[in-house]
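To start, the structure itself, in structure tokens.
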Amino acid sequence: MKNDYRARNHPAYWAFLTHRISGVLLTLFLPLHFWALGNALHGEAKLESFLRWSDQPLVKFGEWALVLLLAAHMAGGVRLLMLEFLDWRDWSKTLLAGAAGVSVAVALLFLLNLA
Amino acid sequence: MAAMLKVKIWRGAEAGQFQEYEVPRLESQTVLDVVTYVQRRLDPSLAYRFACRVGVCGSCAMTVNGVSRWTCRTHVSKVAADDHLEIAPLRNLPVIRDLATDMREFFDKWAKARGQFTGSQTRKDEFAAVKPESKERKRVDAAIECIGCGVCYSSCEVVTWKPDYLGPAALSRAWTLVNDVRDVAQQERLAAVAGDAGCHACHTHLNCTERCPKGISPTAGIAGLKRAVLKATLKGEI
Ligand code: HEM
Ligand code: SF4
Ligand code: SF4
Ligand code: FES
């Protein structure tokens, strides 16, 4: 028999879900990002229209979400590497809180820069 | 505290269904008390396991309201939200009948992870001196109180994904032996836990650490094994 959500409802599991979902979304979004950068190299007109498109609120929100994803994935990834490579024991939950804090801070900074 | 508990208990094997019982609610009642009441008073055909009733033998683990727990030391007051209990067999193990699972695979994996001690001394030798404050001894202390209850194994998602994964308890056992300075089968042990089904399959979900009733962190031991295997591989020892 298999476990349902009740067995998984604890912070470390949410961290895993965040890491997997952000990892998969980054894999999907990054090609789009590089395509946009590629446009920057291939002629101004195209870039210009792209930049105008990207000025819409919804796109801005998308950008912000992407930064949050990357920050969460990176902080979460560093957390995992620390858990596995340092001889930790007692501060694993503190580390999780730290990773969450760092990702939110990065996303807020980005939001301030946008505004 | 209500006068009666509403209790749903899994009946059958892999295929089966929950059956409802009403059990008097008592002060300081454990989940094992509830199961025992049902078997003694309401339905003698109910299959379940226990032995010590005091958290030593590791035989009474079940899934209580969706979470794997030792039932003899889980108070009803801690888990029975609004006086409802749902009691099912452990996960990730074949169900024999009702609340009894087939634990053979779980224990066979301890053997596969090279969970046996191999010494080089005889009874004629002096006692080996292991300093209590040494790094190795402290690491052994952190995991040696395992009672083999299977709660961690039942909680581990990687076992569900990958049924041949050795699992948290067997790997945690291997880690205590890796830190046993008297043991002489270290290379063989590291090779045993280095494979696809070994320590590197762990995704550090910490389900096991979250649920172990003895406060052990198999995740910490598995991380230790990952480092030890990496080191041995770089040195060309395994
Ligand atoms: C910024 C620095 C990054 C760090 C420190 C990092 C770290 C990690 C780590 C440690 C894992 C293993 C998780 C596990 O054991 O399950 C992982 C998984 C993954 N990463 Fe990253 N990563 C980074 C950037 C990226 C980027 C840019 C992408 C997308 C293109 C990405 C996509 C993924 C995916 C898809 C997984 C698999 C998720 C899973 O197995 O649950 N990562 N990352
Ligand atoms: S930390 Fe590793 S062994 Fe423990 S539950 Fe997670 S995947 Fe399984
Ligand atoms: S590590 Fe903890 S949960 Fe796992 S078998 Fe041992 S005592 Fe039970
Ligand atoms: S009956 Fe022995 S640990 Fe619960």
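State whether the residues of the range B:134-149 include one that is at pLDDT 95 or above, within 16 Å of ligand 1 (Cβ to nearest atom) and away from chain A (no Cβ under 14 Å). No; the residues of the range B:134-149 include none that is at pLDDT 95 or above, within 16 Å of ligand 1 (Cβ to nearest atom) and away from chain A (no Cβ under 14 Å).
Please determine whether any residue of the range B:151-158 is out of contact with any Leu (no Cβ under 8 Å at 6 or more places or on another chain), polar (S, T, N, Q) and near ligand 3 (Cβ under 10 Å from one of its atoms). Give the steps one after another, and end with the answer.
We begin by selecting, within the range B:151-158, every residue out of contact with any Leu (no Cβ under 8 Å at 6 or more places or on another chain); these are B:152, B:155-158.
Then keep just the ones that are polar (S, T, N, Q); that gives B:155.
Okay, now just the ones that are also near ligand 3 (Cβ under 10 Å from one of its atoms), so B:155.
Yes - at least one qualifying residue is present in the range B:151-158.
When A:GLU48 is tested against (1) surrounded by fewer than 16 Cβ atoms within 10 Å (Cβ to Cβ); (2) under 30 Å from B:SER154 (Cβ atoms); (3) of a type in the set (Asp, Glu), only condition (2) is not met. Right, B:ARG211: in contact with a strand residue (DSSP E or B) (Cβ under 6 Å, 6 or more places away or on another chain), within 15 Å of ligand 2 (Cβ to nearest atom) and within 14 Å of chain A (Cβ to nearest Cβ) or not? Yes, satisfied.
Give the range B:44-102 a look and list any residue that's within 16 Å of B:GLY148 (Cβ to Cβ), of a type in the set (A, V, I, L, M) and more than 12 Å from every other protein chain (Cβ to nearest Cβ), or say none. Let's see the steps before the verdict.
Start the filter on the range B:44-102 by keeping residues that are within 16 Å of B:GLY148 (Cβ to Cβ), which leaves B:49-52, B:54-62, B:68-73, B:90, B:92-93, B:100-102.
Now drop any that are not of a type in the set (A, V, I, L, M), which leaves B:51, B:54, B:56, B:61-62, B:90, B:93, B:100.
If the condition is that a residue be within 16 Å of B:GLY148 (Cβ to Cβ), of a type in the set (A, V, I, L, M) and more than 12 Å from every other protein chain (Cβ to nearest Cβ), then B:ALA51, B:VAL54, B:VAL56, B:ALA61, B:ALA100 are the ones that fit.
Being within 16 Å of ligand 1 (Cβ to nearest atom), among the hydrophobic types (A, V, I, L, M, F, W, C), within 11 Å of chain A (Cβ to nearest Cβ) and closer than 17 Å to B:HIS205 by Cβ, is that true of even one residue in the range B:163-177?
Within the range B:163-177, the subset within 16 Å of ligand 1 (Cβ to nearest atom) is B:165, B:168, B:171.
If we keep only those that are among the hydrophobic types (A, V, I, L, M, F, W, C) too, we end up with B:171.
Filter again for within 11 Å of chain A (Cβ to nearest Cβ), leaving none.
No: the range B:163-177 contains no residue that is within 16 Å of ligand 1 (Cβ to nearest atom), among the hydrophobic types (A, V, I, L, M, F, W, C), within 11 Å of chain A (Cβ to nearest Cβ) and closer than 17 Å to B:HIS205 by Cβ.
Scanning the range A:1-59 for residues that are closer than 30 Å to B:PRO94 by Cβ and either outside any helix (DSSP H, G or I) or touching a residue at least 40 places away in the same chain (Cβ under 8 Å) (or both) yields a count of 7.
Which residue is farthest from the chain's Cα centre (by Cα), if the candidates are limited to the range A:7-24 and must be under 13 Å from A:ARG79 (Cβ atoms) and facing another protein chain (nearest Cβ under 8 Å)?
Of the residues in the range A:7-24, the ones under 13 Å from A:ARG79 (Cβ atoms) are A:11-12, A:14-16, A:18-19, A:22.
After this cut, where a residue has to be facing another protein chain (nearest Cβ under 8 Å) as well, the list is A:12, A:16.
Values: A:ALA12: 17, A:PHE16: 13 Å.
The qualifying residue farthest from the chain's Cα centre (by Cα) is A:ALA12.
Scanning the range B:126-177 for residues that are aliphatic (A, V, I, L, M), closer than 21 Å to B:GLY215 by Cβ and away from ligand 2 (no atom under 16 Å from the Cβ) turns up B:VAL140, B:ILE144, B:ILE147, B:LEU177. Please indicate, with yes or no, whether at least one residue in the range A:67-83 is within 14 Å of chain B (Cβ to nearest Cβ), within 16 Å of ligand 2 (Cβ to nearest atom), loosely packed, with under 13 Cβ neighbours inside 10 Å and not acidic (Asp, Glu). Within the range A:67-83, one or more residues are within 14 Å of chain B (Cβ to nearest Cβ), within 16 Å of ligand 2 (Cβ to nearest atom), loosely packed, with under 13 Cβ neighbours inside 10 Å and not acidic (Asp, Glu).
Please enumerate the residues belonging to the range B:117-161 that are of a type outside the set (Val, Ile, Thr), free of Cβ contacts under 8 Å to residues at least 60 places away in the same chain and under 23 Å from B:LEU99 (Cα atoms).
Correct list: B:GLU157, B:TRP161.
Annotation: B:GLN121 fulfils all but one of (1) more than 30 Å from B:GLU157 (Cβ to Cβ); (2) within 25 Å of the chain's Cα centre (by Cα); the unmet one is (2).
The values are calculated or read from the model by the stated rules, or taken from the named source; none is laboratory data. Small disclaimer: the values here were computed from a predicted structure and weren't measured. When we count neighbours, we look across all protein chains shown, and the Cβ atoms used for this are built from the backbone with ideal geometry, even at glycine.
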